[in-house]
1. Within the range 46-72, how many residues turn out to be over 20 Å from K2 (Cα atoms) and of a type in the set (S, T, Y)?
2. Within the range 12-22, track down each residue that is under 16 Å from F71 (Cβ atoms) and outside any loop (DSSP other than H, G, I, E, B).
3. Taking the range 21-32 only, how many residues are touching a Ser or Thr at 6+ places or on another chain (Cβ under 9 Å) and surrounded by fewer than 17 Cβ atoms within 10 Å (Cβ to Cβ)?
4. Provide a single number: the residues in the range 23-45 that are within 12 Å of I4 (Cβ to Cβ) and assigned to a helix (DSSP H, G or I).
5. Going by what's in this entry, would R9 be described as among the charged types (D, E, K, R), touching a residue at least 40 places away in the same chain (Cβ under 8 Å), surrounded by 12 or more Cβ atoms within 10 Å (Cβ to Cβ) and outside any strand (DSSP E or B)?
6. Return the residues of the range 40-88 that are hydroxyl-bearing (S, T, Y) and in contact (Cβ under 8 Å) with a residue 40 or more places away in the chain; say none if nothing qualifies.
7. Can you confirm whether R3 is within 19 Å of E86 (Cβ to Cβ) and exposed (fewer than 15 other Cβ atoms within 10 Å of the Cβ)?
8. For the range 46-81, give me each residue that is in a helix (DSSP H, G or I), under 11 Å from the mean Cα position of the chain (by Cα) and either acidic (D, E) or surrounded by fewer than 17 Cβ atoms within 10 Å (Cβ to Cβ) (or both).
Amino acid sequence: MKRITIDGRRLTSRKETHAYLQSRLGLREYYGHNLDALEEALRFSSEPLRLVLTHAEDARASLGEYADRLFNLLEELHRKGHLEIEYH
C-alpha cells in the first residue's frame, strides 16, 4: 500500500490545494483541479493508498467549508474501500 502524507498547512487556497494534491498523489497533467476530478482519480487509482493527513485544522482555517467538503470526500472514499486515512 502506498503511503502519502498530506500536510494541511499546504492547503491554503483551492488552487494551491489541488496543485499540491496533484503533486503529492502523482496525478496526471490533465487532472481537473476540482473535487470531482479528485474523486475520480482516487476511485480509479491503480494501487491502494493510505493518506496520512497532518495539520487538518490549518487546512480548515485556510479553506473553511471547502476543507470540510474535501475531508468529507476522503472519508466517503474511505468508507467505500477506495483508500485508507490516518489523521495526525
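Every number in this text was worked out from the coordinates using simple rules, so none of it is lab data. Bear in mind that the values here come from a model prediction, so they are computed numbers and not experimental data. Because the Cβ atoms are built from the backbone with ideal geometry, glycine has one as well, and the counts that use them run over all protein chains shown.
1. Residues that pass the stated criteria total 2.
2. R14, T17, H18, Y20, L21
3. 1
4. Number of matching residues: 4.
5. Here the answer is yes, as R9 does meet what is asked.
6. Within the range 40-88, T54, S62, Y66 qualify.
7. Yes, satisfied.
8. Those that are in a helix (DSSP H, G or I), under 11 Å from the mean Cα position of the chain (by Cα) and either acidic (D, E) or surrounded by fewer than 17 Cβ atoms within 10 Å (Cβ to Cβ) (or both): R69, N72, L73, E75.
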